[in-house]
Amino acid sequence: MKYLLSLLILFFFASCQITETITINSDGSGTIEIEQIRDENSYMQIAGEEYSKENVFQDTTYIFQDYINKYNENFVKYKAEEQQLFQKYAKVKVHLKKSSFEKEYKNELSLHFKTVSEIPDLYKTENYASDIQHNYALTAENHYYRIGYDFDGKVFKRSVVIINKEELEKAKQESEKFLERYGNSSLMQTYNLKYHFPKNIKSVSNPKALISSDKKGLIIEFPLSAFYGNPEMTNLEVVLE
């Protein structure tokens, strides 16, 4: 079951476009937005005849704090350190839309932050919301990597840390199998990082980064299936002037 779940996640990744946008103001505050959009043509190639059988509609917007308030009886049962972890997500806004009728599937996560270091791993937001709702153990801790951010006014860092090497190896194997089967297909599966800084960019650790004309922004694109097997490829360090 765990293998099938991982494979389904990979299928979603390989037919999806994820864009992570961070804008940092001069005082260190800013916004982060993550948009996950399923590309229907790509997903149709992977899902085959199952594509036409989909019958779902969901259009939901919530703030993570809403779950803490609504399911407070469950929330207070968690350990103090787990409650503190949930509180890091309190101001995260989530918009989910799944419509088999309109053929539109997207997740949008956003957060206004005071400092870059307080940005949580937003990709785990829905897992934690589900945990509180159903009184589960912290399912997001089963992820094999963790994403964190830091900025001291001159150097910005995006750090991906592997927390489960065994699951990473499984993900690599699944990614390789997927590429063997669908490597020649024309799938839309990109992971885009778009960052905007208050000062000019002096250097970027990834040579594939495209720097904007005003030298304050950058864009880097990764193939999602490759990221699944090697999330550390999105590590980044940006030095400002």
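Observations, loosely collected:
- For the stretch 186-231, the equivalent ellipsoid derived from the alpha-carbon gyration tensor has semi-axes of 24, 11, 8 Å in decreasing order.
- With N counted as the residues of the stretch 98-216, its alpha-carbon radius of gyration over 2.2 N^0.38 Å works out to 1.34.
- Site pair Asn55 and Ala137 shows an inter-label distance of 3.6 nm when each label is modelled 7 Å from Cα along Cα→Cβ.
- Sulfur and carbon atoms: percent of accessible area, the stretch 147-241 [1.4 Å]: 46
- The relative contact order of the stretch 157-241, computed from alpha carbon pairs under 8 Å that lie at least 6 residues apart in sequence, is 44 percent.
- For the stretch 53-70 versus the stretch 122-181, the gap between their alpha-carbon centres in whole angstrom: 21
- Ratio of Rg to Rh over the stretch 46-133 (Cα coordinates, Kirkwood Rh, two decimals): 1.07
- Accessible surface, 1.4 Å probe, highest first, among residues Ile162, Ile211: Ile211, Ile162
- Taking every protein chain into account, the accessible area of the stretch 149-241 amounts to 55 square angstrom per residue (probe 1.4 Å).
- Calculated FRET value between Ser203 and Ala90, using beta carbons and R₀ = 51 Å, to 0.05: 0.90
The values are calculated or read from the model by the stated rules, or taken from the named source; none is laboratory data. In this text, all values refer to a predicted model and were calculated from it rather than measured experimentally. We place every Cβ from the backbone using ideal geometry, glycine too, and count neighbours over all the protein chains shown. Each accessible area value is taken on the protein alone, full model and side chains, heavy atoms only, with ligands, DNA and RNA left out. Shrake-Rupley method; radii C 1.70, N 1.55, O 1.52, S 1.80 Å.
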